[in-house]
Structures are given as structure tokens and as C-alpha cells.
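Here the structure comes first, spelled out in C-alpha cells, and everything after it is commentary.
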Amino acid sequence: MSTSRIPDAPGRSPMDAAPNRGAPQGTRDATSVGGLDRGAPRVSRDATSDGGLGGRPEPPNKAIDLVSIRGAGSDDAASICTIYNQGIDDRLATLETERRTADERRAWLAARGPRHPVFVAEANGAIVGWASLNVFNPRPAYDHVADLSVYVERAWRGRGIGRRLLSHLVDVGPGFGYHKLVLTAFPFNAPGMALYERLGFRAVGIYREQGLLDGRWVDVIIMERLLA
């Protein structure tokens, strides 16, 4: 869950067994992966645009075999924007409520430093997911910890794209000087939680009633993984 902060959601501690407090009403079965993004610049709703994916491919049965991961560039801003806005609308992956524009995402990409890359998952020429390593804390003592975000296009969720993207972040993290990855997620996002557990993230704790989303208080789980 995207930029508020995004620690991952791994193994369940006793506090994880607590009821899923504050799941937004009308929440669909959780199918979106992503860190809770914090601190992203805001834009007003009437200025937003989805920046569509254009002719996105229908996910085949063995979609994962067709997917490649590469670094994102400014030309990917519209697709990244579309997928992020889906995550915002679905209320499964972020406490963000204000949708983005392609121009805002392009500026977001341009402002990132070399240790905070964005990656995209591509299938048949279309972007079907994205992931990023983000600043955890500006203090030098935290230079070796990165926050992360993972978002998958709706039609491609549940097909291994999130796993590929998250695995990529784990693999490349040490090369960017990171010793640990952290994320935050909604405890009611069951697929996301299961993915974080499978990839070795462990639950650190839960912020109770951390955010007010659509008039309901929601909990946020904090997760971490040490890198090799």
C-alpha cells in the first residue's frame, strides 16, 4: 500500500489477529498490492486525469511468462498514473484519496534521486504494474532503509505481477545500498498480506486507527525485511 509510508505486510503476530478494524465500507475482495504511499504532492480532483493505458493486453493464462521488468522513464508517467489512480479508487493500497495526473507523475519521476528508482512491469508493450524504492527517513542514520510501493493494473492482479515486482525490489535493494526494506499496508488486504509473508516480510506492529478513509478509521500494519 503507496506513499504515505509503505512497510510491507508479512507474518502475523498476535496483534495481527485483532479484528480488521476500519475496513472501508464497500471494500471489494482485496486484490491490490502496494505500500501505503506517504507524502506525495497533492492535486485537486477537478485537475486529475487517468492518463489511460491505451491498448492494454488481455492477461493470458501464463501472463507471468510474458512480463519483463525495467526502469521507468518519463514516457511511462501516464500508465503509472492510471495504475496508481486505480489503487486510490479501490481503497485497498493507500491512504491517499486525491487522484493524480500524468503531469504530476512525470514530475514525481523526474524529482527522484538515483537511490530511489521506479520500475515498471511490461507485457506486450503495455505497463501492467509498477514499483518503487522510496525515502524512509531523511536522517543519515536511515540511509540504508528504503520504503517501498507496489501497484498492479486491475486486470492483471492475481497473476504474479506483484510478486515479480516485489521480488525485483528485494533483489536490487542491496545494490542501491539498502540493508532493509519496510512497508505499510492495510491488514484487510489479504492478497497483499499473503504476498508479503511469502517474500519474507515480517509484521512489526499495527498502527490502530491510523487514517480516516471515507469516514471510517482504518488500521495500518508495519512490515520489514532484512536484505542479504
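The values are calculated or read from the model by the stated rules, or taken from the named source; none is laboratory data. On a predicted model such as this, the values are computed, not experimentally measured, just so you know. FYI the Cβ positions are ideal-geometry reconstructions off the backbone, even for glycines, and counts take in every protein chain you see.
The residues on offer are G113, G87, G125, G129, and the sole one that is at pLDDT below 95 and either touching a strand residue (DSSP E or B) at 6+ places or on another chain (Cβ under 8 Å) or not β-branched (V, I, T) (or both) is G125.
The residues of region 61-118 that are within 13 Å of the chain's Cα centre (by Cα) and of a type in the set (A, V, I, L, M, F, W, C), listed by number, are I80, C81, I83, I88, L92, A93, L95, V118. Comparison of F176, F186 shows that the only residue that is out of contact with any Phe, Trp or Tyr (no Cβ under 9 Å at 6 or more places or on another chain), of a type in the set (F, W, Y) and more than 19 Å from T94 (Cβ to Cβ) is F176. When region 190-228 is limited to residues that are at pLDDT 95 or above and part of a loop (DSSP other than H, G, I, E, B), the one that is nearest to A146 (Cα to Cα) turns out to be L227.
The residue of region 83-107 that is farthest from A121 (Cα to Cα), among those that are in a loop (DSSP other than H, G, I, E, B) and among the charged types (D, E, K, R), is E98. Looking only at region 151-182, count how many residues are within 17 Å of R115 (Cα to Cα), among the charged types (D, E, K, R) and part of a helix (DSSP H, G or I). Going through region 151-182 one residue at a time, the tally reaches 1. Total residues in region 109-128 satisfying the condition of being under 23 Å from V67 (Cβ atoms), among the hydrophobic types (A, V, I, L, M, F, W, C) and outside any strand (DSSP E or B): the figure is 1. For region 91-111, a residue qualifies if it is buried (at least 20 other Cβ atoms within 10 Å of the Cβ), closer than 25 Å to P191 by Cβ and acidic (D, E), and exactly one does: E96. P138 meets the conditions (1) surrounded by fewer than 21 Cβ atoms within 10 Å (Cβ to Cβ); (2) assigned to a strand (DSSP E or B) in every case but one. The failed one is (2). Is it the case, given these coordinates, that R139 is modelled with pLDDT under 95 and of a type in the set (D, E, K, R)? It is false that R139 is modelled with pLDDT under 95 and of a type in the set (D, E, K, R).
Scanning region 152-204 for residues that are in contact with a helix residue (DSSP H, G or I) (Cβ under 6 Å, 6 or more places away or on another chain) and on the phi > 0 side of the Ramachandran plot yields a single hit, G160. Each residue in region 126-145 was checked for being over 19 Å from the mean Cα position of the chain (by Cα) and without any contact (Cβ under 8 Å) to a residue 12 or more places away in the chain, and 5 pass.
Is it the case, given these coordinates, that L169 is of a type in the set (A, V, I, L, M), touching a Gly at 6+ places or on another chain (Cβ under 7 Å) and buried (at least 24 other Cβ atoms within 10 Å of the Cβ)? Considered against the rule, which asks whether it is of a type in the set (A, V, I, L, M), touching a Gly at 6+ places or on another chain (Cβ under 7 Å) and buried (at least 24 other Cβ atoms within 10 Å of the Cβ), L169 comes out as no. The residue pairs whose first member lies in region 85-113 and is under 27 Å from M193 (Cα atoms), whose second member is aromatic (F, W, Y) and assigned to a helix (DSSP H, G or I), and whose beta carbons are closer than 6 Å, counting only pairs six or more residues apart or on different chains, are R100/Y84.
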